[in-house]
Amino acid sequence: MNPLSQLPSVDRLLTDPAVASLTDTHGRSIVTRLVRNALAEAREAIRAGAPLPDRASLIEKIGTIAKAQAMSRLRPVYNLTGTVLHTNLGRAPLPEEAIEALVTAARSPCALEYDIESGGRGDRDDIVNELLCELTGAEAATVVNNNAAAVFLLLNTLAQRKEAIVSRGELIEIGGAFRVPDIMKRAGAKLVEVGTTNRTHLKDFAEAITPRTAMLMKVHASNYAIQGFTRAVPESELARLAHANSLPFVVDLGSGTLADLDAYGLPHEPTPRENIAAGADLVTFSGDKLLGGPQAGLLVGRKELIAKIKRNPLKRALRVGKITLAALEAVLRLYRDPDRLHERLTALSQLTRPEAQIRAAAERLLPAVQAALAAQPVMVEIVALKSQIGSGSLPVDRLPSAGFAIRPQGKKGGVLNRIEAALRGLERPVIGRIEDGALLLDLRCLGPGEESEFAAQLSALSRPGA
Ligand SMILES: *Cc1c(COP(=O)(O)O)cnc(C)c1O
């Protein structure tokens, strides 16, 4: 008998109870399409000589595909890379206050651009303007999609068809194609480089000022450090020189924490408040780096300059939505209470987590990790590690941390890559790093409340076929 004629029809398969339950979960049109595809594939395989597939395995395959397709592409993962603000893993995790605020804003209409008192039109920047001014000492503020957009908008507004003077030591590239010279060009500004890679003096800036100069600019060297025989001009001197020539002095700060990090035992990172106090007329920084909030670009500074930036039609193209503003506002409020900030702001609590606490977590989890890898030719041990802050913040500083080192026993090449891939293949992927012949899992960013869920899913690694 021709096996092709023994394949069930689409309609027959759809009425199978197992397929009907898939339909309940995923919807009729999706499951019908998968059934059609599965039958077409089976037909082709049979024509190529394969045997008739049994009904159960056909249905199982349809179920697997339906489940895979229903899974979000924006999967939550465990960030055990040791880089806290990991750009590829979404940078700062938001604090609960911000999560609540953004959910509320997402669910209901809200006063985004509406003045409740007058019943008239409002300005979305007003949601965070006062808070940003209070926290930075600036006169006014505005918010755009990210810091790259903030820098672009600033240059396009103030330096189009004019010149912006920057030190050669600060012509940075941030991962993901943000390069100061390229942004300048796209913004229509002419970059005037002064000084040398390692040393730039005030007179280098002074000699470069012409009638075409629009601004003096400082870019915070956020993802590298120049050490040794170096010289950069202090901001206060650059500000004085700019103002003596009736020019604005602007700073691209990059990672812009609003708190004094020294107070939490972290290395010092310059703040927008310090820039403003030193005489900067505009400062731009990211919302989701050390600030610990949602992706956003913040511009703070002199009122008339912010007003000019807000009048640029590109502001409309780069503005943020209500969900971002809701989260940002909630995060900024946390900064008003510095005493409790390190407990409430998730990014800061991860950065300040004591090494002893991380090591204690490693000790609690060691048995589960060892059990999951018992059948593998590897050794697991608890080791001291160094975490990085990430996102181009404090590039040289490392935070003492702890976690697991998984090392191959004997010369078993490839086993680490296999385990690394298996960890990535878990329901909630575990992302570590391979370094010096070991797979390292830094536990700094594993929340205490996540430990049991983390340990539970590891058992999938020891199941046959894993
Ligand atoms: C990170 C960074 C940027 C880009 O900011 P995004 O928020 O990622 O767009 C620009 N300049 C500096 C100095 C930075 O550190």
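Could you grab the pairs with beta carbons closer than 7 Å, sequence gap of 6+ or different chains, first residue in segment 86-115 and among the charged types (D, E, K, R), second one in a helix (DSSP H, G or I)?
Glu97/Ala330; Glu97/Leu334; Glu97/Arg344
To keep it simple, each residue is scored yes or no on (1) within 18 Å of Val283 (Cβ to Cβ); (2) of a type in the set (D, E, K, R); (3) in contact with a Ser or Thr (Cβ under 8 Å, 6 or more places away or on another chain).
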| residue | (1), (2), (3) |
| --- | --- |
| Glu117 | no, yes, no |
| Gly122 | no, no, no |
| Val128 | yes, no, no |
| Leu132 | yes, no, no |
| Ala140 | yes, no, no |
| Arg179 | no, yes, no |
| Arg186 | no, yes, no |
| Ala189 | yes, no, no |
| Val192 | no, no, yes |
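So which residues in segment 1-24 are under 14 Å from Pro51 (Cβ atoms), aliphatic (A, V, I, L, M) and either assigned to a helix (DSSP H, G or I) or open to solvent by less than 60 Å² (accessible area, probe 1.4 Å) (or both)?
Passing the criteria: Leu4, Leu7.
Does at least one position in segment 338-361 carry a residue that is of a type outside the set (Asp, Glu), in contact with a strand residue (DSSP E or B) (Cβ under 7 Å, 6 or more places away or on another chain) and within 16 Å of Ala438 (Cβ to Cβ)?
no
Give me the helices (runs of 4 or more DSSP H) completely within segment 106-193, filtered to those with at least 3 residues that are more than 13 Å from the ligand (Cβ to nearest atom), modelled with pLDDT of 95 or more and not hydrophobic (A, V, I, L, M, F, W, C), ordered by residue number.
Correct list: 126-136.
Within the group Asp252, Asp262, which residue is in contact with a His (Cβ under 9 Å, 6 or more places away or on another chain), open to solvent by 50 Å² or more (accessible area, probe 1.4 Å) and either free of Cβ contacts under 8 Å to residues at least 24 places away in the same chain or within 15 Å of the ligand (Cβ to nearest atom) (or both)?
Exactly one residue qualifies, and that residue is Asp262.
Go over the candidates Gln370, Gln388, Gln350 one by one and state the one that is under 27 Å from the mean Cα position of the chain (by Cα) and at pLDDT 95 or above.
Gln350
For residues that are within 23 Å of the chain's Cα centre (by Cα) and small (Gly, Ala, Ser), scanning just segment 113-156, find the one that is farthest from Lys190 (Cα to Cα).
In this case the residue turns out to be Ala141.
Identify, by number, the condition in (1) open to solvent by 10 Å² or more (accessible area, probe 1.4 Å); (2) assigned to a loop (DSSP other than H, G, I, E, B) that Leu85 doesn't meet.
(1)
What is the number of the single condition among (1) within 16 Å of the ligand (Cβ to nearest atom); (2) open to solvent by less than 10 Å² (accessible area, probe 1.4 Å); (3) in a helix (DSSP H, G or I); (4) among the β-branched types (Val, Ile, Thr) that Val283 does not meet?
If we test Val283 against (1) within 16 Å of the ligand (Cβ to nearest atom); (2) open to solvent by less than 10 Å² (accessible area, probe 1.4 Å); (3) in a helix (DSSP H, G or I); (4) among the β-branched types (Val, Ile, Thr), just (3) comes out false.
Limited to segment 73-99, what total is found for residues that are under 23 Å from Ser452 (Cβ atoms) and hydroxyl-bearing (Ser, Thr, Tyr)?
The total comes to 2.
Which one of the conditions (1) surrounded by 14 or more Cβ atoms within 10 Å (Cβ to Cβ); (2) at pLDDT 95 or above; (3) assigned to a loop (DSSP other than H, G, I, E, B) does Ser246 fail to meet, given that it meets all the rest?
Unmet condition: (1).
Condition first: more than 11 Å from the ligand (Cβ to nearest atom) and under 21 Å from the mean Cα position of the chain (by Cα). Now tell me which residues in segment 295-306 satisfy that.
Correct list: Leu299 only.
Go through segment 413-454 residue by residue and tally those that are in contact (Cβ under 8 Å) with a residue 24 or more places away in the chain and within 25 Å of the chain's Cα centre (by Cα).
So the answer is 23.
For segment 219-243: of the residues being outside any loop (DSSP other than H, G, I, E, B) and open to solvent by 70 Å² or more (accessible area, probe 1.4 Å), which is nearest to the ligand (Cβ to nearest atom)?
Arg231
Mind listing just one residue for me: the one in segment 194-218 that is within 23 Å of Asp397 (Cα to Cα) and open to solvent by 40 Å² or more (accessible area, probe 1.4 Å) and, of those, nearest to the ligand (Cβ to nearest atom)?
Only one residue tops the list, namely Thr197.
Name every residue in segment 413-450 that is in contact with a strand residue (DSSP E or B) (Cβ under 8 Å, 6 or more places away or on another chain) and either of a type in the set (D, E, K, R) or more than 30 Å from Thr346 (Cα to Cα) (or both), in order of residue number.
Selection gives Val415, Leu416, Asn417, Glu420, Arg424, Arg428, Arg433, Gly437, Asp442, Arg444, Glu450.
Looking at Glu304, Glu274, can you tell me which residue is at pLDDT 95 or above, of a type in the set (D, E, K, R), crowded, with 18+ Cβ neighbours inside 10 Å and part of a helix (DSSP H, G or I)?
Going through Glu304, Glu274 in turn, the sole match is Glu274.
Six or more apart or on different chains, Cβ under 9 Å: which pairs go from a residue in segment 194-221 that's among the aromatic types (Phe, Trp, Tyr) to one that's buried (at least 18 other Cβ atoms within 10 Å of the Cβ) and assigned to a strand (DSSP E or B)? Could you list them?
Short answer, once both residue conditions are applied: Phe205/Ile165; Phe205/Ser167; Phe205/Val194; Phe205/Leu216.
Within segment 25-53, how many residues turn out to be farther than 28 Å from Glu427 by Cβ and either part of a loop (DSSP other than H, G, I, E, B) or open to solvent by 50 Å² or more (accessible area, probe 1.4 Å) (or both)?
Selection size over segment 25-53: 9.
Looking at segment 312-343, which of its residues are more than 23 Å from Val144 (Cβ to Cβ) and surrounded by 18 or more Cβ atoms within 10 Å (Cβ to Cβ)?
Leu341, His342
The values are calculated or read from the model by the stated rules, or taken from the named source; none is laboratory data. Small disclaimer: the values here were computed from a predicted structure and weren't measured. Every residue, glycine as well, gets a Cβ built from its backbone with ideal geometry; the counts of neighbours run over all protein chains shown. These accessible areas exclude ligands, DNA and RNA; they are computed on the full protein's heavy atoms, side chains included. Shrake-Rupley method; radii C 1.70, N 1.55, O 1.52, S 1.80 Å.
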